[in-house]
1. Could you list log10 I(q)/I(0) for the stretch 34-76 at q = 0.15, 0.20, 0.33 Å⁻¹, which the Debye formula gives when each Cα is one point scatterer?
2. If you stretched the chain out fully between GLU121 and VAL31, how much longer would it get, using 0.36 nm times the residue separation minus the C-alpha to C-alpha distance?
3. Could you work out how much longer the chain between GLU69 and ARG131 gets when fully extended? Use 0.36 nm per residue separation minus the Cα distance between them, nm to one decimal.
4. Could you give the length gained by full extension between ALA40 and ALA97, i.e. 0.36 nm per residue of separation minus their alpha carbon distance, to one decimal place?
5. How about the stretch 38-82: which chymotrypsin sites (Phe, Trp or Tyr not before Pro) there are in a DSSP loop, with at most 11 other Cβ atoms within 10 Å of their Cβ?
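Bear in mind these aren't lab numbers, they're just calculated from the coordinates by the rules spelled out. In this text the structure is predicted, and so the values were computed from the model without any measurement. With ideal geometry, Cβ positions are generated from the backbone for all residues, glycine too; neighbour counts draw on all protein chains shown.
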Amino acid sequence: MTKTFGPMLAALLLAALAACATAETVRDAPVDAGVTEQFAAPYDRVSAATLAALRDLRINITGTEERPEGLNVQVTKSMNLFSWGEVGRVIVRRSSAPPTAVAVNWEKRSQLQITGTGQTEFSRELFEGIRVQLAK
């Protein structure tokens, strides 16, 4: 019984590792991947509101870059007792006039984990945070 359990456990671990999302997974995803919401404010205000909202959510900002398409922010949520962590990308799309779109691509590090923050929950919290920041 022990001889068959070892290879089966190794196969399960390998499958779990293959299903892991990394910072590169979301960074290299298509620009239109994830969830998008429009905000009735200029690009500069929405960019600042997005960064402030991310800080309020206690998300690790691992990189920011101004690109021709807009502000690209790489984020992570650390591993904790209930989650293996999450990774994400937030793009504030550059526009010459409002509305300004914010696109969120967010994934759990392990597709097998049932706890942690999912795409829908994280997007909802971030978009609400942006609205709060824009109302100030």
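1. Listed by q, the Debye log ratios stand at -0.39, -0.70, -1.28.
2. On the way: separation 90, 0.36 × 90 = 32.40 nm, distance 2.00 nm.
Stretched out fully, the GLU121 to VAL31 stretch lengthens by 30.4 nm.
3. 20.2 nm
4. Answer, rounded to one decimal: 19.6 nm.
5. On the way: sites: PHE39, TYR43, PHE82; in loops: PHE82.
Qualifying residues, ordered by number: PHE82.
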